[in-house]
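Contents: one structure, followed by commentary.
The values are calculated or read from the model by the stated rules, or taken from the named source; none is laboratory data. What you see is a predicted model; the values in this text were computed from it and never measured. Cβ coordinates were reconstructed from backbone atoms using ideal geometry, including for glycine residues, and neighbour counts include every protein chain displayed. To get the accessible areas, we keep the full protein, side chains included, count just its heavy atoms, and leave off ligands, DNA and RNA. Shrake-Rupley method; radii C 1.70, N 1.55, O 1.52, S 1.80 Å.
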Amino acid sequence: MALLEVKGVESGYGQLQILWGIDLDVIAGETVLLLGANSAGKTTLLRTLIGLLPCWAGNIGFDGDVLQTLRPDQRIRRGIAFMSELGVFPALTIEENIRLGGYALTQAEVRRRSKELFELFPDLANKRRQYASSLSGGQRKMLGIAKVLVSRPRLLLMDEPSSGLAPVFVKQVIDALKTVIGGGTSLLIAEQNVAFLELADRGFLIDGGRVKLSGTRNELESDDSVRAAYFGL
Ligand code: ATP
């Protein structure tokens with residue numbers, strides 16, 4: 001059974017409809033890429049899934065629960081986390097950011113998780129008392145990932161982890177995500193950068209608020225329209 005099952009989801013802003021019947025699923029343990037150009041509707045979909053935007057029609061199922069009628073905090077308590085493009089608080093230290101990610105945990109749990117996450121991201125461990133503003137773009141994204149992983153979400157919705165990053169930092173973030181995969185958190189990554197396909201078991205191509213194509217990584221990589229639009233082939 002799918003961990004996340006999205007069926008016929010419609011949403012938008014005020015009178016403006018952006019999503020037109022989105023069907024998508026994530027199986028437990030999978031990494032799924034939501035690939036789409038600027039304005040395709042990726043952020044709108046993630047915000048609808050976490051409950052920051054109303055779901056006008058359709059269903060959002062999560063491990064057997066119906067989500068679309070729940071508040072964002074109720075969805076988060078069921079094990080979904082959302083990492084926005086910004087992700088961290090620059091005026092707080094690395095340690096403080098991570099502690100904030102574990103606001104719902106006991107102090108002992110936060111200490112235990114911080115230790116595990118600092119082992120996973122040694123670059124952050126060395127700078128734990130520095131302000132997040134002192135980090136490079138790539139390291140900031142890593143901190144954003146660590147912060148959202150403190151609570152061990154079952155599903156992490158990531159909005160454009162590559163945004164604002166130079167290619168060398170994008171590679172760093174992809175490598176950091178490789179270490180996260182397999183640790184019990186399924187990932188749904190919204191991206192316009194096709195390099196993230198490398199991480200994915202499957203992908204969904206979204207355009208104009210509709211799913212245009214879905215398939216395994218291999219199927220997407222060999223699809224002519226994906227190759228033309230994203231690989232420039
Ligand atoms: P990007 O890479 O640019 O973030 P995206 O795929 O995440 O692209 P969305 O941010 O979901 O795209 O935007 C989809 C459409 O919704 C766009 O046409 C955008 O202009 C519109 N939109 C986004 N936010 C709002 C808003 N607050 N009010 C009205 N329209 C919005």
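Which members of region 11-29 meet the condition of being in contact (Cβ under 8 Å) with a residue 40 or more places away in the chain, within 13 Å of the ligand (Cβ to nearest atom) and more than 20 Å from the chain's Cα centre (by Cα)? If you could, list the steps in order and put the result at the bottom.
Step one: of region 11-29, the residues in contact (Cβ under 8 Å) with a residue 40 or more places away in the chain are 11-13, 17-24, 26-29.
The next check asks that each one be within 13 Å of the ligand (Cβ to nearest atom); those that pass are 11-13, 17-20, 22.
Passing the criteria: Y13, Q17, W20.
Could you please tell me which pairs satisfy a Cβ distance under 6 Å, a separation of 6+ or placement on different chains, a first residue in region 30-45 that is more than 9 Å from the ligand (Cβ to nearest atom), and a second residue that is open to solvent by 10 Å² or more (accessible area, probe 1.4 Å)?
From region 30-45, the pairs are E30/D201; T31/I181; T31/L199; T31/D201; V32/R202; L35/L205.
For the list (1) at pLDDT 95 or above; (2) more than 11 Å from the ligand (Cβ to nearest atom), I need the number of the one condition that R77 fails.
(1)
Please note which helices (runs of 4 or more DSSP H) are completely contained in region 116-228 and include at least 3 residues that are open to solvent by less than 20 Å² (accessible area, probe 1.4 Å).
Those helices (runs of 4 or more DSSP H) span 137-149, 167-180.
Farther than 17 Å from K42 by Cβ, in contact (Cβ under 8 Å) with a residue 60 or more places away in the chain and within 14 Å of the chain's Cα centre (by Cα): does that describe I181? It would help to see each step written out before you state the result.
Values: farther than 17 Å from K42 by Cβ: yes; in contact (Cβ under 8 Å) with a residue 60 or more places away in the chain: yes; within 14 Å of the chain's Cα centre (by Cα): yes.
Taking the combined requirement at face value, the residue satisfies it.
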